[in-house]
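*Asks:* Let me begin by handing over the structure; questions about it come next.
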Amino acid sequence: MLIRKPDDLRYSEVTPRALFLDRRAFLASLPAALLAREAFAAKLPDVHPSPLSTTEKPNTFAEASSYNNYYEFGTRKDQPAKLATGFKTNPWTLSVEGMVKKSLKLGHDDLLKVAPLEERIYRHRCVEGWSMIIPWIGYSLSALLNKLEPTEKAKFVAFESYYDLKQMPEAPSAHIPLPYVEGLRLDEAMHPLTMLTVGMYGENLPPQNGAPIRLTVPWKYGFKGAKSIVKIKLTDKQPPNTWNIINPPEYGFYSNVNPNVDHPRWSQATERRLGEFTRRPTLMFNGYTQVASLYNGMDLKKFY
Ligand SMILES: Nc1nc2c(c(=O)[nH]1)N[C@H]1C(S)=C(S)[C@@H](COP(=O)(O)O)O[C@H]1N2
Ligand SMILES: [Mo]
């Protein structure tokens, strides 16, 4: 068998072998998730390392792409990797609009051209209590917003995910309102850490991680990171966010990672890093203490 561990296998190694061997026999020998990766993945060129990266050891691609929350493709962690494999992300339109001087429509290829691509190795903490270290690829959301010139009235940014029952037949069984929506205060959206993400592990995003473009806000719980975004809208009112709509006492608008503010049903003081056995302490703002000044004077127990 030529195949090593899935996480050691790179797209660039797969292709020449696929050409070399009988293609059907080769494909039949691949596990489904790996096969999907082979069909979907493309290495992103000209990616620069970012000084915003943590030096912690990243989780494996296999972990980050097979343990997912993407309710439109099923509520179990293993479902998105299986059910999102055929998700069509090209063509794509991301509309950026609202209280801006210039609105914009970005097509599939434009998504990679907003700003130079950076690799940012970020901590990723789900409100459920697990965490990972993921090498994302993308650029600061501020690079896009600055092009649009938000007006004086704009105070918040609203995000909307793609939703199409035909492509997401499992979605109704999640019993959540769709499309998935999220929001940030404008100053949070403009913070350099806030990222529009188009790839991970050197390649474009797998569908289950939010292809072709998703939001990544590393000091907030993972649910703020809306996947497969089709609309970004600047507004003067605090936008609704899906988990807050579903259960306001349990999920707020801010959702900053905070070990001192427990979820009503569980503690947030510790987390389990995927691949580790012992739980580790959760850090204030997920360790990104440079954002603390955004919340000066706010009671973070009230604004959870
Ligand atoms: N559209 C959409 N975006 C979503 C979700 C979702 O169900 N639908 N789940 C959120 C949650 S709860 C988490 S923890 C992260 C998971 O991102 P990952 O699968 O890339 O780790 O995506 C977030 N973005
Ligand atoms: Mo989450």
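*Asks:* From the Cα trace of the chain, what convex hull volume per residue do you get, rounded to a whole Å³?
*Replies:* Given the Cα convex hull of the chain, per-residue volume reads 136 Å³.
*Asks:* With unit charges on the beta carbons (Lys and Arg positive, Asp and Glu negative) and the dipole taken about the Cα centre of the chain, which residue among A174, G98, V261 sits farthest to the positive side?
*Replies:* So the residue we want is A174.
*Asks:* In the structure shown, do any of K155/K220; K57/K82; K113/K227 have a Cα-Cα gap over 23 Å, and if so which?
*Replies:* Violating the 23 Å Cα-Cα cut-off are K57/K82.
*Asks:* A further question on this structure: Rounded to a whole number of µm²/s, how large is the Stokes-Einstein D of the stretch 261-304 at 20 °C and 1.002 mPa s, given Rh as the Kirkwood radius over C-alpha pairs?
*Replies:* It diffuses with D of about 175 µm²/s by this estimate.
*Asks:* If you don't mind, there's one more thing I want to ask. How much accessible area does V257 have with a 1.4 Å probe, in Å² rounded to the nearest 10?
*Replies:* For V257, solvent-accessible area is about 0 Å².
*Asks:* Tell me which of N146, F87, F285 sits at the most positive position along the dipole axis of the chain, charges placed on C-beta atoms (Lys, Arg +1; Asp, Glu -1).
*Replies:* F87
*Asks:* Let me have the relative contact order for the chain, percent, based on Cα pairs under 8 Å that are six or more residues apart.
*Replies:* 19 percent
*Asks:* Kindly provide the trypsin sites (Lys or Arg not before Pro) of the stretch 102-149 that DSSP labels as loop, not H, G, I, E or B, and whose Cβ sees at most 15 other Cβ atoms within 10 Å.
*Replies:* For trypsin sites (Lys or Arg not before Pro) across the stretch 102-149 that sit outside H, G, I, E and B with at most 15 neighbouring Cβ atoms in 10 Å, the list reads K102, K113.
*Asks:* May I ask you to give the percent of accessible area on the stretch 12-295 that is carbon plus sulfur, with a probe radius of 1.4 Å? The partial results should precede the final answer.
*Replies:* On the way: 7240 of 12460 Å².
Using a 1.4 Å probe with all protein chains present, the stretch 12-295 comes out at 58 percent carbon and sulfur.
*Asks:* Between the alpha-carbon centers of the stretch 213-256 and the stretch 92-142, tell me the distance in whole angstrom.
*Replies:* Cα centroid of the stretch 213-256 versus Cα centroid of the stretch 92-142: 14 Å apart.
*Asks:* Let me spell out the model: positive unit charges on the Cβ of Lys and Arg, negative unit charges on the Cβ of Asp and Glu, origin at the Cα centre of the chain. What dipole size does that give, in debye rounded to 20? Walk me through the numbers on the way to the answer.
*Replies:* Values: 39 positive and 31 negative charges, 31 e Å.
I would put it at about 160 debye.
*Asks:* Give the shape of the stretch 82-238 as rounded, prolate or oblate, defined through the alpha-carbon gyration tensor: a ≥ b ≥ c are the square roots of its eigenvalues, a/c under 1.5 means rounded, and otherwise the shape is prolate if a/b is larger than b/c and oblate if not.
*Replies:* Verdict is rounded for the stretch 82-238.
*Asks:* Quick check: the angle from helix 11-20's long axis to the longest principal axis of the chain, C-alpha only, nearest 10 degrees?
*Replies:* 20 degrees
*Asks:* Restricting to DSSP H runs of at least four residues, report the calculated mean residue ellipticity at 222 nm for the chain, -39500 (n - 2.57) per run over all residues, nearest 500 deg cm²/dmol.
*Replies:* Only helices count here, giving -4500 deg cm²/dmol.
*Asks:* Would you compute the Debye intensity of the stretch 105-185 from its alpha-carbon atoms alone, equal scatterers and no solvent, and pass along log10 I(q)/I(0) at q = 0.15 Å⁻¹ to two decimals?
*Replies:* -0.90
*Asks:* Moving on to the next point. Give the peptides 53-65, 184-196, 209-221 in descending order of average Cβ contacts within 10 Å, highest first.
*Replies:* The packing order, highest mean first, is 209-221, 184-196, 53-65.
*Asks:* In addition: Could you sort S66, S142 by their accessible area in this structure, using a 1.4 Å probe and putting the largest first?
*Replies:* On the way: S66 55, S142 20 Å².
Output order, biggest surface exposure first: S66, S142.
*Asks:* Under 17 Å between alpha carbons, and skipping anything fewer than 8 positions from K101 in its own chain: which aspartates and glutamates qualify?
*Replies:* Filter leaves E149, E152, D236.
*Asks:* Let me ask something else. Hey, what's the chain come to in accessible area per residue, 1.4 Å probe, Å²?
*Replies:* Ligands and nucleic acids excluded, the result is 47 Å² per residue.
*Asks:* While we're looking at this one, here's another question. Under the definition of Cα pairs under 8 Å and six or more residues apart, what whole-number percent is the relative contact order of the stretch 164-253?
*Replies:* This gives 29 percent for the stretch 164-253.
*Asks:* log₁₀ I(q)/I(0) of the stretch 171-297 at q = 0.13 Å⁻¹, via Debye over equal Cα point scatterers, no solvent, to two decimals?
*Replies:* Evaluating at q = 0.13 Å⁻¹ gives log10 I(q)/I(0) of -0.62.
The values are calculated or read from the model by the stated rules, or taken from the named source; none is laboratory data. For clarity, every value in this text was computed on a predicted model and none was experimentally measured. Every residue, glycine among them, receives a Cβ derived from its backbone with ideal geometry; neighbour counts consider all protein chains shown. Only protein heavy atoms, including side chains, enter the accessible area calculation; ligands, DNA and RNA are left aside. Shrake-Rupley method; radii C 1.70, N 1.55, O 1.52, S 1.80 Å.
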